[in-house]
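Worksheet: the structure to be examined is printed underneath.
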Amino acid sequence: MRFMMLVIPKAYENAKADFVPSAELVAKMTKYNESLTKAGVLLGLEGLTPPVRAARVKFSGGKAKATDGPFTEAKELVGGYWMIQAKSKQEAVEWATRAPMLDGDIIEVRQVQEIEDFPEDVRKAAGR
Amino acid sequence: MASDAHRAIEAVWRIESARLIAGLARMVGDVGVAEDLAQDALVAALEQWPASGVPDNPGAWLMTTAKRRGIDQLRRKQMLERKHAELGTELEARQETAPDLDAAIDDQIGDDLLSLIFTACHPVLTTEARTALTLRLLGGLTTEEIARAFLVPTATIAQRIVRAKRTLAAARVPFEVPRGADLGARLASVLEVIYLVFNEGYSATAGDEWVRPALCEDALRLGRILAELVPQEPEVHGLVALMEIQASRLRARVGPAGEPILLLDQDRARWDQLLVRRGLAALDRAAAPGGAYGPYTLQAAIAACHARALTPEETDWTRITALYDALAQLAPSPIVELNRAVAYGMAFGPSPGLEIVDALTSEPALKDYHLLPAVRGDLLKKLGRFAEARAEFERAASLTHNARERALLLARAAQA
């Protein structure tokens, strides 16, 4: 099973365009990433630039419309992720609890959907 | 809810058990005793954590508890005072150092884990015993999970593990990392066990299911752990590369009804590109410039040829034949010859391929191997010798033990 651990930094919607995490945090994060690697569970990870540098494409009335950040009205925006392999949701949660986060941060643990989870008609539509 | 707590403890166990057992084994010098102590600590956690909650550092809690039990046990058994003192000092030393990621502790843990892997895969044990013990001690799997994975009764696996521990103790196998000339052979034994676990998941030898992805994941996890512990060993990276690339096809090699889909018929859009990338990166680590390729690295390089081809037609079969030629030199086996025949058939036409296969028909090791007639049937069909091809596919179908594979082979017989 695969899980994505989504990092939701506190108040990331207000982060400045040139925001970067501190050297201290990066050092802790690197150690944490190493522990995931050494345990053989880490599949991939990325950090995302602040939402102020992002764009949102909204779909409405059959049209797609792009808007540039910031999105001050939005809350709990993703700042990065880890993709890990785990035996259960509990194991993924256990890994998440060990991450070096700042006060007020959130990690959302989401299981990757597999095509096998879909009913047959949906699988057929996916060419399966 | 108690069951939530139990699931959380199971998760902690999965993460911590190998390091816990390894650390204890170094202290007591016996993996059997170490595992018993670790199990005692697990029982204590199951009793206490549902009420107290999971401690902040569950790994350290388990280690401390297990060591206390160990000391109690030693006292009860009135073992040598010296040994007792040693264990006591060890306990104090461990408690003083923060369980944080201090480099020295990391090295020690790494060394303990490696010793545990080498002990579990020790040549005094049968391959079956090594496999069960490795999954149990390193993979954190329960006896029931191992039994389910290999479709044998739980009692059989339990027996196998008990006997394995007894054998290790009787043979006085030291808890250590082999050095010097010994290391190569011992490492080969470890890699063999990991790949065996992977293969049982990748193409199950028995049962109704053609693949069991959880076993592949267990093997991959073990391989990745090992690659971090002995990064200087190219063949470890070769094995990891091979498993990552093969696992990238897991979703594509099973059809909607659970039937196997052969490599060249697979929808390559369904290949897992994350695993492909990981595999190619591991292959880069294995194939350092100037270094000779070992057998796993060669197989990974072959798998990479397929992974890099966006369509079957783009496959570099000529390179694959060269890699199989090298593999046949380095690690000759009837199976390698059979695969070499397939590659020659693809690169240079069915006749050169059939020539290699025909040399194998008297090979005793392949007498009951279903893929020999399957490959031969395929080459015969390409040569327009349909009646012979049909007979070969039917023979292949009668030899396989896997229900899904049998159906596929019978379908090919009907088409020939």
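Every number in this text was worked out from the coordinates using simple rules, so none of it is lab data. In this text the structure is predicted, and so the values were computed from the model without any measurement. Note: ideal-geometry Cβ built from the backbone for every residue, glycine included; neighbour counts use all protein chains shown.
Give me B:CYS216, B:CYS121 sorted ascending by neighbouring Cβ count inside 10 Å, so fewest comes first.
The order, fewest Cβ neighbours first, is B:CYS216, B:CYS121.
Let me know the charge dipole size of region B:182-288 about its Cα centre in debye, to the nearest 20, where only the beta-carbon of Lys, Arg (+1) and Asp, Glu (-1) is charged.
In total the dipole reaches around 340 debye.
For the protein assembly as shown, with the dipole built from +1 on Lys and Arg beta-carbon atoms and -1 on Asp and Glu ones, taken about the Cα centre, which of B:LEU114, B:ALA219, B:LEU183 lies farthest toward the positive end?
B:ALA219
Sequence neighbours fewer than 8 away in the same chain don't count; with that in mind, list the aspartates and glutamates whose C-alpha is under 16 Å from A:LYS87.
Those aspartates and glutamates meeting the cut-off are A:GLU114, B:ASP4, B:GLU10, B:GLU16, B:GLU144, B:GLU145, B:GLU217, B:ASP218.
Just to be sure I understand: with springs between alpha-carbon atoms less than 10 Å apart, which residue in B:THR361, B:THR127, B:THR143 has the highest mean-square fluctuation in the Gaussian network model of chain B?
B:THR361
Counting every Cα pair in region B:276-413, what percent are over 20 Å apart?
When all Cα pairs of region B:276-413 are counted, 53 percent exceed 20 Å.
Could you compute how fast chain A diffuses translationally, taking Rh as the Kirkwood radius over C-alpha pairs and applying Stokes-Einstein at 4 °C with viscosity 1.567 mPa s? Give it in µm² per second.
So the translational diffusion coefficient is about 77 µm²/s.
Mind listing the phi-derived Karplus ³J(HN,Hα) values for region B:406-416, rounded to whole Hz, using 6.51, -1.76 and 1.60 with θ = phi - 60°, and x for any glycine or proline?
My calculation for region B:406-416 gives 4, 4, 4, 5, 5, 5, 5, 4, 5, 7, 6 Hz in order.
Which order do A:VAL109, B:VAL124 fall in if you start with the one that has the fewest other Cβ atoms within 10 Å?
Starting with the residue having the fewest Cβ neighbours, the order is B:VAL124, A:VAL109.
Determine the equivalent ellipsoid of chain B by diagonalising the alpha-carbon gyration tensor, then write out the semi-axes as square roots of 5 times the eigenvalues, largest first, rounded to whole Å.
In descending order, the three semi-axes are 45, 22, 20 Å.
Could you compute Rg(Cα) / (2.2 N^0.38 Å) for region B:119-193, with N its residue count?
That works out to 1.11 for region B:119-193.
Keeping to pairs on different chains or 8 or more places apart, tell me how many lysine pairs in chain B have Cα atoms under 22 Å apart.
6
Taking region B:132-237 on its own, what percent of its Cα-Cα pair distances exceed 20 Å?
Every Cα pair in region B:132-237 considered, those over 20 Å come to 46 percent.
Determine ³J(HN,Hα), in whole Hz, for all residues of region B:221-233 in sequence, where each value follows from phi through the Karplus function 6.51 cos²θ - 1.76 cosθ + 1.60 and θ = phi - 60°; x replaces Gly and Pro.
4, 4, x, 5, 4, 4, 4, 6, 7, 10, x, 7, 9
Once you charge only the Cβ atoms, +1 for Lys and Arg and -1 for Asp and Glu, what is the size of the charge dipole of chain A about its Cα centre, to the nearest 20 debye?
Around 260 debye, computed over chain A.
Please report the Cα spread of region B:182-288 along all three principal axes, rounded to whole Å, starting with the longest.
46, 28, 19
Just want the answer: with Cβ charges of +1 for Lys and Arg and -1 for Asp and Glu, which residue in B:LEU37, B:PRO312, B:PRO350 is farthest toward the dipole's positive end in chain B?
B:PRO350
So what is the calculated 222 nm ellipticity per residue for the protein assembly as shown, using -39500 (n - 2.57) for each DSSP H run with n of 4 or more, over all residues, to the nearest 500 deg cm²/dmol?
After summing the helix terms and dividing by residue count, I get -19500 deg cm²/dmol.
What size of dipole, in debye to the nearest 20, comes out for region B:344-416 about its Cα centre when the only charges are +1 on Lys and Arg C-beta atoms and -1 on Asp and Glu C-beta atoms?
260
Over all alpha-carbon pairs in region B:344-416, figure out the percentage whose distance exceeds 16 Å.
Cα-Cα pairs in region B:344-416 separated by more than 16 Å: 45 percent.
Name the residue from A:ALA66, A:THR30, A:TRP95 whose Cα lies farthest towards the positive end of the charge dipole of region A:2-125, charges +1 on Cβ of Lys and Arg and -1 on Cβ of Asp and Glu.
A:ALA66
Semi-axes of the equivalent ellipsoid for region B:227-274, please: Cα gyration tensor eigenvalues, times 5, square-rooted, ordered largest first, whole Å.
Sorted largest first and rounded, they come to 28, 9, 8 Å.
Please state the Cα pair-distance histogram of the protein assembly as shown with 20 angstrom bins from zero: what percent is in each bin?
18, 49, 28, 5, 0
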